[in-house]
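The values are calculated or read from the model by the stated rules, or taken from the named source; none is laboratory data. Note that the structure is predicted; figures quoted are calculated from it, not measured. When we count neighbours, we look across all protein chains shown, and the Cβ atoms used for this are built from the backbone with ideal geometry, even at glycine. Please note that ligands, DNA and RNA were not included when accessible areas were found on the heavy atoms of the full protein model with its side chains. Shrake-Rupley method; radii C 1.70, N 1.55, O 1.52, S 1.80 Å.
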Amino acid sequence: MFDNSKPITYTVDVPDVVHAVEFSPFEWSSKLIGVGTSSRVSVGICRFQEEDREIDGLEYEHLRDFHHGIRVTALAWSPETSLAVIPKILRFCTGGSDHKLRLISSDLKNDDSVKIIDGHTDYINAVTFDPSKGDQLASVSDDHTCRVWDTDGTQRICLPLGSPGMSVCWHRDDHMKIMVAEKNGIIRFYNLLNQQPIMSLDCGHTPLLSADWCLVDSLKVGAVVGTELHLFDTSMSSRPVERRSVHSDGGCLVKWAKNNEHLVATTGAPACQVKVINAKSNQIPVSSGLQISSGLSWHYRLPIVVVGGDRKLHFWSIDNT
């Protein structure tokens with residue numbers, strides 16, 4: 001039995017079981033949400049009462065379905081995405097179960113394009129855009145590589161890894177730095193100019209299935225390793241400054257809140273647990289179980305986290321303290 005300390009705040013129905021879900025992580029497109037399923041990517045707009053008092057709860061507007069053909073394994077938004085320009089620009093990248101990346105662009109009218117980027121030889125676990133211009137993207141895979149691509153599909157860098165690459169994050173302010181987390185518990189920061197590691201963190205055990213770089217404080221890194229959540233302060237140590245048990249049968253995903261350096265969300269087993277932890281107060285405002293959970297994402301401005309489910313999106317609004 002879970003301590004459902006905070007019930008689900010909002011729920012949105014979607015046509016299929018969700019495999020990936022991502023809020024746009026950029027201020028100018030933060031209302032956008034992408035939902036990856038077994039055969040499509042659905043894009044919508046979320047408007048919350050937390051930022052507009054004229055809205056009752058959550059107002060969800062479906063914009064477009066994009067045919068994908070195969071299961072979506074990873075999803076990332078480009079900073080070029082904007083609905084405030086003419087023509088509108090929607091641009092995002094997916095990882096597919098066929099080991100290919102797809103760069104999808106649309107003006108939400110008649111001009112849609114899909115660029116297939118081929119190179120990985122195994123399951124793609126994560127993809128991210130250069131947040132400054134969006135002209136490059138990075139991906140990690142079970143093929144033991146992190147690859148950096150131009151958006152025309154040209155592979156610029158291939159970093160060999162010691163084990164499957166599970167997560168990749170781009171530094172928000174320094175576009176020459178990326179963080180790569182490996183399943184063997186090693187997290188490295190690379191300088192893309194010389195393709196050399198700048199620093200590494202060691203979780204001390206395995207398997208690491210997910211890691212995230214804090215947007216508010218870039219000295220902080222979180223990872224789910226086995227049953228534990230590991231929190232790092234890179235100014236203090238290459239080993240975790242805090243370890244806590246979060247999922248007794250193993251963690252799956254971890255994400256820092258984008259507007260609060262103390263809020264961390266995780267998913268794991270048993271029974272598709274979702275937890276939100278306040279690392280400052282040691283409170284756990286959310287500890288819930290779902291029938292199915294996949295994907296995990298925080299809103300850019302609001303303390304709202306979303307998890308995909310069985311034809312549903314589940315949202316929790318957290319007290320931002």
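A few comments on the model shown:
- Taking a ≥ b ≥ c as the square roots of the Cα gyration tensor eigenvalues, segment 231-321 comes out oblate, since a/c reaches at least 1.5 and a/b does not exceed b/c.
- In loop segments of segment 22-96 as defined by DSSP, the trypsin sites (Lys or Arg not before Pro) with at most 12 further C-beta atoms inside 10 Å of their C-beta are 53.
- About its Cα centre, the dipole of the chain is roughly 280 debye, where the only charges are +1 on Lys and Arg Cβ and -1 on Asp and Glu Cβ.
- Between residue 98 and residue 217, the contour length at 0.36 nm per residue exceeds the alpha carbon distance by 39.3 nm.
- Taken about its Cα centre, segment 166-321 carries a charge dipole of roughly 220 debye when the Cβ of each Lys and Arg holds +1 and the Cβ of each Asp and Glu holds -1.
- Ranked from largest to smallest solvent-accessible area, with a 1.4 Å probe on the protein heavy atoms, 94, 234 come out as 234, 94.
- In terms of accessible area, using a 1.4 Å probe and ignoring ligands and nucleic acids, 80, 182, 27 rank largest first as 27, 80, 182.
- Whether segment 118-215 is rounded, prolate or oblate, judged on the alpha carbon gyration tensor where a/c under 1.5 counts as rounded: oblate
- GNM flexibility winner over the chain from 86, 124, 284 (Cα, springs under 10 Å): 86
- Note on the chain: with a GNM built from Cα contacts shorter than 10 Å, the maximum mean-square fluctuation among 195, 291, 273 falls on 291.
- Charge-dipole axis of segment 188-249 as Lys and Arg at +1 and Asp and Glu at -1 on Cβ define it, positive-most pick from 247, 192, 235: 192
- Carbon/sulfur fraction of accessible area - segment 1-70, other protein chains in place, 1.4 Å, %: 45 percent
- Taking each of 133/312; 88/115; 133/220; 275/312; 183/258 in turn, the alpha-carbon distance tops 26 angstrom for 133/312.
- Nearest-10 value in Å² for the accessible area of residue 37, using the 1.4 Å probe: 0 Å²
- Its Cα centre serving as origin, segment 131-258 has a Cβ charge dipole (Lys and Arg +1, Asp and Glu -1) of approximately 160 debye.
- Solvent-accessible area per residue in the chain equals 42 Å², computed with a 1.4 angstrom probe and all protein chains kept.
- Given R0 = 25 Å, the distance between the Cβ atoms of residue 45 and residue 70 translates into a calculated FRET efficiency of 0.45.
- Cα centroid of segment 18-69 to Cα centroid of segment 169-212, whole Å: 28 Å
- Cα shape, segment 1-124, gyration tensor, a/c 1.5 rule: oblate
- For segment 240-321, with all protein chains in place and a probe radius of 1.4 Å, 46% of the accessible heavy-atom surface sits on carbon or sulfur.
- Exposure ranking of 263, 219 by accessible area [1.4 Å probe, largest first]: 219, 263
- With DNA, RNA and ligands ignored, accessible area of residue 272 (1.4 Å probe; Å², nearest 10): 40 Å²
- Here's the picture: charge each Lys and Arg Cβ at +1 and each Asp and Glu Cβ at -1 in segment 8-149, and of 117, 32, 82 the one pushed furthest to the positive end of that dipole is 117.
- Listed residues 277, 55, 292, most fluctuating in the chain (Gaussian network, C-alpha, under 10 Å): 55
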